[in-house]
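> Submitted below is the structure of interest, expressed as structure tokens.
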Amino acid sequence: MREQEAAHSGSQREEAVRRIVELRSQGCRLYYFVPDFTSDEGLWRSVFRSYLRAYSAADQTALILMLPEGDASAELGEMLELLAAPGEDAPLVLAHLYSDAFFMRPCGRRTA
């Protein structure tokens, strides 16, 4: 089971990288956003709304949402509602799931 999950995760990662490379080659400006849905401040809402106000489908931009694995269905539903409001004029938003391990890397001493 873990091998299947790892293979699936690897293929998702490869697809995400392929899509990002494709967008960059088309001259698309990419913005990356890792919303903290656990924060009481709800800052992610302001950031997401600001992106939707600033850009449209005519702009060559994409917001890459890094969404935590787990249940974020309420927040994602809210984002989808906001994204649906401008209809076909909505800017490009792509989502990619991550686990906390995605951001972990061994800390080592840098050498000059």
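The values are calculated or read from the model by the stated rules, or taken from the named source; none is laboratory data. Given the structure is predicted, the values throughout are model-derived calculations rather than measurements. When we count neighbours, we look across all protein chains shown, and the Cβ atoms used for this are built from the backbone with ideal geometry, even at glycine. Side chains are part of the model used for accessible areas, which takes the heavy atoms of the whole protein and leaves out ligands, DNA and RNA. Shrake-Rupley method; radii C 1.70, N 1.55, O 1.52, S 1.80 Å.
> Suppose we filter the range 11-26 for residues that are open to solvent by 60 Å² or more (accessible area, probe 1.4 Å) and hydrophobic (A, V, I, L, M, F, W, C); how many remain?
Final tally of qualifying residues: 2.
> Just one of the numbered conditions (1) in contact with a Lys or Arg (Cβ under 9 Å, 6 or more places away or on another chain); (2) open to solvent by 50 Å² or more (accessible area, probe 1.4 Å) is not true of Arg29; which one?
(1)
> Related question: Among the numbered criteria (1) in contact with a helix residue (DSSP H, G or I) (Cβ under 7 Å, 6 or more places away or on another chain); (2) of a type outside the set (Gly, Ala, Ser); (3) open to solvent by 30 Å² or more (accessible area, probe 1.4 Å), which single criterion is violated by Met79?
Going through the list (1) in contact with a helix residue (DSSP H, G or I) (Cβ under 7 Å, 6 or more places away or on another chain); (2) of a type outside the set (Gly, Ala, Ser); (3) open to solvent by 30 Å² or more (accessible area, probe 1.4 Å), Met79 breaks only (3).
> Scan the range 40-54 for residues that are open to solvent by 50 Å² or more (accessible area, probe 1.4 Å), at pLDDT 90 or above and either over 13 Å from the mean Cα position of the chain (by Cα) or not hydrophobic (A, V, I, L, M, F, W, C) (or both) and jot them down.
Leu43, Arg45, Ser46, Arg49, Ser50, Arg53, Ala54
> Next question. What's the number of the condition Met66 fails, among (1) part of a helix (DSSP H, G or I); (2) at pLDDT below 95; (3) open to solvent by less than 30 Å² (accessible area, probe 1.4 Å)?
Answer for Met66: the failing condition is (1).
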